[in-house]
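Everything on this sheet refers to the single structure shown next.
The values are calculated or read from the model by the stated rules, or taken from the named source; none is laboratory data. This is a predicted model, so every value here is computed, not measured. Neighbour counts are summed over all protein chains in view; Cβ atoms, including those assigned to glycine, are modelled from backbone coordinates with ideal geometry. Calculation scope for accessible area: heavy atoms of the full protein, side chains included, ligands and nucleic acids excluded. Shrake-Rupley method; radii C 1.70, N 1.55, O 1.52, S 1.80 Å.
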Amino acid sequence: MTEATRLLVVAEEPPAPLGERLSSEGSVDRRSPTEIAERFDPLIEADAIVVTDGSARDALSDAHPPVPIVGYGVDADEVVGTRVDDLDVLPHVIRGAALNASAAAGTAPVPAVDDGDSRSRLERLHEGTAELVGASDEEAVYASVARIARDLLGYDFCYIGIVEDGEFVPAVPGHAWQERFDVEFGVLGETYRTGEPRIIDDVGDVDEADPRWTEMRSVLSVPFGDRGVFQAASDEPSAFDDRDLELLRLLLSYAENTLARIESEAELRASRRRVTDLHEGVTELTGLRSADAVFEKTVEIAQRVLDLDRSSTLRAEDGYLHAAALSEGAKPGDVRDRMPIDDSSLAGITVLTGESRLVADVTADEDAAPAKPEYRSGLSVPMGEHGVFQAVSIERDAFDERDLELAELLASHAAETLTRIEAHERLRRERDRFSALFENVPDAAVAYE
């Protein structure tokens, strides 16, 4: 931002780093949500408003301010830029939001720099981002970034390297050079490792620079979030400056937020699909006629539908928990064969309390006593009074609240089936007992009319 950029931060108490970051780059005013709710001045002198919490957003919902709202760490109702969590990206998004708003209003935009050509490129950048923010998959995002960088910003030689399995993999087929590089390679690796952009005026003066083509003289290297690195190159020395860096950071901020949106939508679809598949899977429990079959089917559904590859069920009987079923591929010792139902184990505590537990790190949970030392996280879910369902992983934080909810849903259906089977067993035993009683009653000894 420039000194001409005026900001209004609406928050009860904005985070200290936020205030410091914005104050160092522009003119900042602050109001509380209460002040805004009581009286909002439509003539407020600000190019953009930053909100940091839901109350601030709600206070502005009825005010309809004439300037864009940008949410830092919170969704905004009228976001011209996007939701932002990165302090370094925030100023660029604010500037872009102010530019879009002023362009829509037919007023002169707040210039990022004094150079007319840079203003023109900035305008072209914002015009091109509609395609980018509307992308529906990762490939489309990367292709859009490459097209905007080449056609609108004028960077003819670009490389988008996404880190996969310790390598930079080109994200856009046919765009500039297509090599793979080790994650430690040259300036690419340094940019990715440090998270700091770099402008190289002459590659001949930088030891770690290893140009891919002999005409390369200068390079602009910018981190692409934690995904990889974007590089632009030129056959002229000193071809890039801070204005180029600012434009690329703004472009990549749009791309990162679009990718985050795509990932969130994919996670939501996957979650819905898991719930649907789980509901279909638990119908398989209804036709079972034995407790052993229920314990085995529960583990099978957990593995097939919930992707819980290391899971088990334990049956509660005579004050002990007995291993009932293990997931396919399990080895001896993955689960203890027998343990008392007391507070000496997480499984025992689960039965006693009837409460589920999500263990993100077994080393930080005093109740966790895994059967194997390599286990790092797990789930423990009660199956009513019948036993426990558990899943484990060799990785920390392998499970989240959604995994726990789905496991609880599965365990509750299994518990209902076990209760039904036990009730049928009791009825059958009663019927057999009465049948045996009547069979052993002798013929009547007295008859009368």
Tally, over segment 130-146, of residues that are over 12 Å from residue 254 (Cβ atoms) and at pLDDT 90 or above = 7
request  = Would you check which residues across segment 322-343 are more than 19 Å from residue 293 (Cβ to Cβ), open to solvent by less than 70 Å² (accessible area, probe 1.4 Å) and either of a type in the set (S, T, N, Q) or in a strand (DSSP E or B) (or both) and list them?
outcome  = 339, 340
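Return yes when residue 62 is modelled with pLDDT under 70 and open to solvent by 50 Å² or more (accessible area, probe 1.4 Å) and no when it is not.
On the way: modelled with pLDDT under 70: yes; open to solvent by 50 Å² or more (accessible area, probe 1.4 Å): yes.
Here the answer is yes, as residue 62 does meet what is asked.
If I filter segment 308-315 for residues that are in contact (Cβ under 8 Å) with a residue 24 or more places away in the chain and over 25 Å from residue 281 (Cα atoms), do I get at least one hit?
Scanning segment 308-315 turns up no residue that is in contact (Cβ under 8 Å) with a residue 24 or more places away in the chain and over 25 Å from residue 281 (Cα atoms).
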query = Which one is nearest to residue 257 (Cα to Cα), of the residues in segment 65-82 that are among the charged types (D, E, K, R) and either at pLDDT 70 or above or loosely packed, with under 14 Cβ neighbours inside 10 Å (or both)?
reply = 75
message = For segment 293-314, give me each residue that is open to solvent by 40 Å² or more (accessible area, probe 1.4 Å), of a type outside the set (Asp, Glu), touching a strand residue (DSSP E or B) at 6+ places or on another chain (Cβ under 9 Å) and part of a helix (DSSP H, G or I).
response = 297, 303
task = Check off (1) open to solvent by 10 Å² or more (accessible area, probe 1.4 Å); (2) part of a strand (DSSP E or B); (3) in contact (Cβ under 8 Å) with a residue 40 or more places away in the chain for residue 389 and give me the number that stays unchecked.
result = (1)
ask   = What are the residues in segment 148-181 that are at pLDDT 90 or above and open to solvent by 50 Å² or more (accessible area, probe 1.4 Å), if any?
value = 164, 165, 167
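From 449, 405, 439, which residue is at pLDDT below 95, part of a helix (DSSP H, G or I) and exposed (fewer than 10 other Cβ atoms within 10 Å of the Cβ)? Lay out the reasoning, then the answer.
Details: 449 fails: part of a helix (DSSP H, G or I); 405 fails: exposed (fewer than 10 other Cβ atoms within 10 Å of the Cβ).
Being at pLDDT below 95, part of a helix (DSSP H, G or I) and exposed (fewer than 10 other Cβ atoms within 10 Å of the Cβ) holds for just one of 449, 405, 439, which is 439.
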task = Kindly indicate whether any position in segment 2-14 is buried (at least 20 other Cβ atoms within 10 Å of the Cβ) and at pLDDT below 70.
result = yes
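Looking at 358, 352, 346 in this structure, which one is of a type in the set (A, V, I, L, M), farther than 19 Å from residue 302 by Cα and open to solvent by 40 Å² or more (accessible area, probe 1.4 Å)? Give the steps one after another, and end with the answer.
Working: 358 fails: farther than 19 Å from residue 302 by Cα; 346 fails: open to solvent by 40 Å² or more (accessible area, probe 1.4 Å).
352 is the lone residue from the list that is of a type in the set (A, V, I, L, M), farther than 19 Å from residue 302 by Cα and open to solvent by 40 Å² or more (accessible area, probe 1.4 Å).
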query = Hey, residue 201 hits all of (1) modelled with pLDDT of 90 or more; (2) within 29 Å of residue 140 (Cβ to Cβ); (3) surrounded by 15 or more Cβ atoms within 10 Å (Cβ to Cβ) but one; which does it fall short on?
reply = (2)
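I need a count of the residues in segment 197-241 that are among the charged types (D, E, K, R), part of a loop (DSSP other than H, G, I, E, B) and out of contact with any helix residue (DSSP H, G or I) (no Cβ under 8 Å at 6 or more places or on another chain). Give the derivation first.
The first filter runs over segment 197-241 and keeps only residues among the charged types (D, E, K, R), leaving 198, 201-202, 205, 207-208, 210, 212, 215, 217, 226-227, 235-236, 241.
Pick out the ones that are also part of a loop (DSSP other than H, G, I, E, B) and you get 201-202, 207-208, 210, 212, 215, 217, 226-227, 235-236, 241.
Then drop every residue that is not out of contact with any helix residue (DSSP H, G or I) (no Cβ under 8 Å at 6 or more places or on another chain), which leaves 201-202, 207, 212, 215, 226, 235-236, 241.
Of the residues in that region, 9 qualify.
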query = So residue 266 clears everything in (1) touching a Lys or Arg at 6+ places or on another chain (Cβ under 7 Å); (2) surrounded by fewer than 20 Cβ atoms within 10 Å (Cβ to Cβ) except one condition, right? Which one?
reply = (1)
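Here's a check for you: in segment 344-363, which residue that is part of a loop (DSSP other than H, G, I, E, B) and small (Gly, Ala, Ser) is nearest to residue 386 (Cα to Cα)?
Narrowing segment 344-363 to residues part of a loop (DSSP other than H, G, I, E, B): 344-345, 354-356, 360-361.
Still in the running and small (Gly, Ala, Ser): 344-345, 354, 356, 360.
Numbers: 344: 19, 345: 17, 354: 11, 356: 14, 360: 25 Å.
For segment 344-363, the residue satisfying everything is 354.
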remark   = Apart from one, (1) touching a Leu at 6+ places or on another chain (Cβ under 9 Å); (2) farther than 21 Å from residue 170 by Cα all hold for residue 269; the odd one out is (1)
inquiry  = Consider segment 277-292. How many of its residues are surrounded by 13 or more Cβ atoms within 10 Å (Cβ to Cβ), free of Cβ contacts under 8 Å to residues at least 40 places away in the same chain and β-branched (Val, Ile, Thr)?
reply    = 0
